[in-house]
Amino acid sequence: MQHSHPVALAGAGGVPAGQAFETRLRRGENVRASLEVDLDGRLRFSAGGLRLTDQRLLSLEASEDAGGPPVFREWPLTPDLKLVLSDHAGLGALELVDADGRLAQWRFTMRANLQAQRFQDAFNRRDEVEARLDEEPELCPSCQAVLPEDSEECPSCARELHTPPSTWVLLRLWRFAGPYRGQLLLGFLLMLGATGATLVAPYLTMPLMDDVLIPFQQGKQIDTMLVALYLGGLFGAAIVSWILGWAKTYILALVSERIAADLRTATFDHLLGLSLEYFGSKRTGDLMSRIGSETDRISVFLSLHALDFITDCLMLAMITAILFHTNPWLALATLVPLPFIAWLIHLVRDKLRTGFEKIDRVWGEVTSVLADTIPGIRVVKAFAQERREAERFRTANKHNLVVNDRLNKTWSLFTPSVSLLTEIGLLVVWAFGIWLIAHSQITVGTLTAFLAYIGRFYGRLDSMSRIVSVTQKAASGAKRIFDILDHQSNVPEPTQPVVLDKVAGELSLQDIGFRYGNRTVIRDLNLVIKPGEMIGLVGHSGSGKSTMVNLICRFYDVTEGAIKLDGVDLRRFKLADFRRHIGLVLQEPFLFFGTIAENIAYGKPEATREEIVAAARAAHAHEFILRLPQGYDSLVGERGQGLSGGERQRISIARALLIDPRILIMDEATSAVDTETEKEIQKALDNLVRGRTTIAIAHRLSTLRKADRLVVMDRGEIVEVGPHDELIAKQGAYWRLWEAQARRVDAEEQDNVVVVAPNVNVHTATQA
């Protein structure tokens, strides 16, 4: 039998589970999958987790002793180990078993069920993954699981996509309704009163029939006062019902709009707080669809259909009570169609849930095509690909049509079937009612009132059956919204942040390592950057330069070691406080739709016009800005398409200058411009780097000659560090890069000679 090895977690107090696991990983050990569990063995809320590596299964569990340190356990990956996933009564369980029986069990709420499914899939495919390690297996961009051979679909993600949303997910919206409990209670009371008022009319038809109309047919005089009393009661009930109905509809509509607005805001706020890793696996159009159309759908459901559903439930309950009070046997005849309608609803509901989830995904494909094509319209037109993009949209739209047609086929059969059953129920009541009248057990007035109530009863029943559709639509939308809200950022905020006042600018990278999923990108990297020092990062594509910059900006967190600013771990600062001291100048500067001044002041919205102009002057952008029609108030267009690449870059530099950062990061800032523009940008960069800790990435090595030190990276490791002349003299990795680039430049210049002098014999020119 396999044995585990309990180990007390040293210094576990306050250490996040992810960091605790990192301290236990061996050198070269890679994590394949992870699972966070939120219950202990006694079903109490407690943080714990599992990690599957290429060598073993690691477990972090709460101590059985109250207040004791957490406990690590581990199991080598032997062939007879299996993970069994099960759930019961809203709780999940993951059991580790071998040939002799159960070795361990972990419990969790259903919130972690999807992650548990992914973890089980990764564990069960571990042998398959081992056999393919040398082939660099293809990973799912979303969950980093290994994709099966000859498959483009990740089984774990496919399971997530095809998991139908539960209607109970709508109950989670209650937390957004908390601030509006008073208005909701008032609306419910008004709804109760309005529903009761609508039931007065059928009840008054009984005495009208039995005491007025039938006696009149038998020769008696009509009592006008009695008729006026009954008609006045009917009119009064109608007025009261109208007033209460208007008030409750207005109040609940206002509340539902506010709930939807709060949901939309909370989702967007949470989305902004997620790490870049999340956005790397999502499409823009899909996220826009979730925050836009899904919240609108939920708003419509809450303001209209949920209100109707509650009204229908109240109406059915009240009518049922009145019917049984009037005549129990006739009331039982009224309920004959109910079991069949309930069976139909149960049958159709599952198909509707799956169908609406597919529709949401397909609509996300449609919006994603729009989100790709419209911002990139210049590229589309430049390569004459209008027909191709139109075909992409047509294909996505056709897919959307097919999925909707399939769902409409089910819905079109369901609705008439419910209507048919209610009509049959009405015939049963007529037949049984006539039999009761024939045997003098009820009066004609009673049957008339019954039929009036039954008309409303079956009408509400039919309405409730139609609400099944919109309820599943809303549940599908709520699931997609809560998929965002339930996602936790991989770059968490510290619970007790260190106040960041003055920044000297010293960066210390101590034994840092980083993995994308199970692929190690950076390993054992050590570097100290002094305050005010300029560092140039060089290396082949894929050597880890941009990843290192992303880690310094804390777009991602290191999986090993630590990055420190002035001796303090970056993870102890609030993200906003830390990033306020970082200036970014990227290869492709992103400008927002708005004016030049607004884009320059993006990092400091309260900046005065004088500060904006001063930053533009320092960035050598002032002259071309003044040549624009409205100067600093000129609109730049979406993503700055109204400006050239060099102009956008200089505005980006002005934006960085304005916030006066202590740390500056430049990623290929001059690689995409011509020589003359590069000179202008270089002048601006000289102003920008002065007195700041600077990290510059450049493939054009000549642009880094002014760097104090050059850091040469290869395959996630630092292979050389030193000034340009020193590294050239060593004739190592940097010298090889320099020579290769020099030969490429010479070849380009030689090619240019051939092009400029087309009449010269190519063979002769080459020899020369």
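The values are calculated or read from the model by the stated rules, or taken from the named source; none is laboratory data. Here the structure is a predicted model, which is why all the values come from computation and not from measurement. All accessible areas refer to the heavy atoms of the entire protein, side chains included, with ligands and DNA or RNA removed. Shrake-Rupley method; radii C 1.70, N 1.55, O 1.52, S 1.80 Å.
Express in Å², to the nearest 10, the accessible area of D667 obtained by rolling a 1.4 Å probe over the protein heavy atoms while all chains stay in place.
Around 40 Å² of this residue is reachable by solvent.
With no solvent and one equal point scatterer placed on each C-alpha of region 174-273, evaluate the Debye formula and give log10 I(q)/I(0) for q = 0.18, 0.23 Å⁻¹, two decimals.
The Debye formula, applied to the Cα set alone, gives -0.86, -1.07.
Give me the distance between the Cα centres of region 207-276 and region 705-722, rounded to whole Å.
After rounding, the separation between the Cα centres reads 75 Å.
Region 551-596 to region 102-125: how many Å between their Cα centroids?
Spelled out, the Cα-based centre of one part sits 34 Å from the other.
Summarise the accessible area of region 509-563 (1.4 Å probe, protein heavy atoms) by the percent that is carbon and sulfur. Don't skip to the answer; put the middle values down first.
Working: 860 of 1820 Å².
The C+S portion of the solvent-accessible surface of region 509-563 is 47 percent.
When the accessible area of region 225-308 is split by element with a 1.4 Å probe, what percent falls to carbon and sulfur? Please report the intermediate quantities before stating the final value.
On the way: 3060 of 4280 Å².
It is 72 percent, rounded to a whole number.
Stokes-Einstein D for region 499-567 at 37 °C, 0.692 mPa s, Kirkwood Rh over Cα pairs, in µm²/s? Numbers along the way, then the final one.
Numbers: Rh = 12.8 Å.
The diffusion coefficient I find is 256 µm²/s.
At 4 °C and 1.567 mPa s, grab the translational diffusion coefficient of region 400-555 from Stokes-Einstein with a Kirkwood Rh over Cα pairs, rounded to a whole number in µm² per second. Let's see the in-between values first.
Details: Rh = 23.9 Å.
Rounded to a whole number, D works out at 54 µm²/s.
Solvent-accessible area of Y632, probe 1.4 Å, all protein chains present, reported in Å² to the nearest ten, please.
Y632 has an accessible surface of roughly 20 Å² with all protein chains in place.
Over all directions, how big on average is the projection of the convex hull of the alpha-carbon atoms in region 543-611, in square nanometres? Working shown, then result.
Details: hull surface 26.6 nm².
Taking a quarter of the hull surface, the average projection is 6.6 nm².
Kirkwood-based Rg over Rh for region 193-338 (C-alpha set), two decimals? Walk me through the intermediate numbers first.
Details: Rg = 25.2 Å, Rh = 19.9 Å.
With Rg and the Kirkwood Rh in hand, the quotient comes to 1.27.
Order M225, M191 by their accessible area, 1.4 angstrom probe, all chains in place, largest first.
Numbers: M225 145, M191 5 Å².
The most accessible residue leads, giving M225, M191.
Accessible area per residue for region 171-316 in Å², computed with a 1.4 Å probe and the full protein assembly in place, what is it?
Numbers: 7860 Å² over 146 residues.
Per-residue value: 54 Å².
To the nearest µm²/s, what D does Stokes-Einstein give for region 187-237 at 25 °C and 0.890 mPa s, using the Kirkwood radius over alpha carbon pairs as Rh? The partial results should precede the final answer.
On the way: Rh = 12.1 Å.
Answer from the Stokes-Einstein relation: 202 µm²/s.
Just how much of W735 is accessible, in Å², when a 1.4 Å probe is used and the result is rounded to the nearest 10?
Here the accessible area works out near 80 Å².
What value in Å³ per residue do you get for the convex hull of the alpha-carbon atoms in region 473-623? If you can, show how the numbers build up before the last one.
Working: hull volume 31.2 nm³, N = 151.
Cα convex hull per residue, to the nearest whole number: 206 Å³.
Mind checking the full-extension length gain between L77 and T23? Use 0.36 nm per residue of separation minus the Cα-Cα distance, one decimal, nm.
17.5 nm
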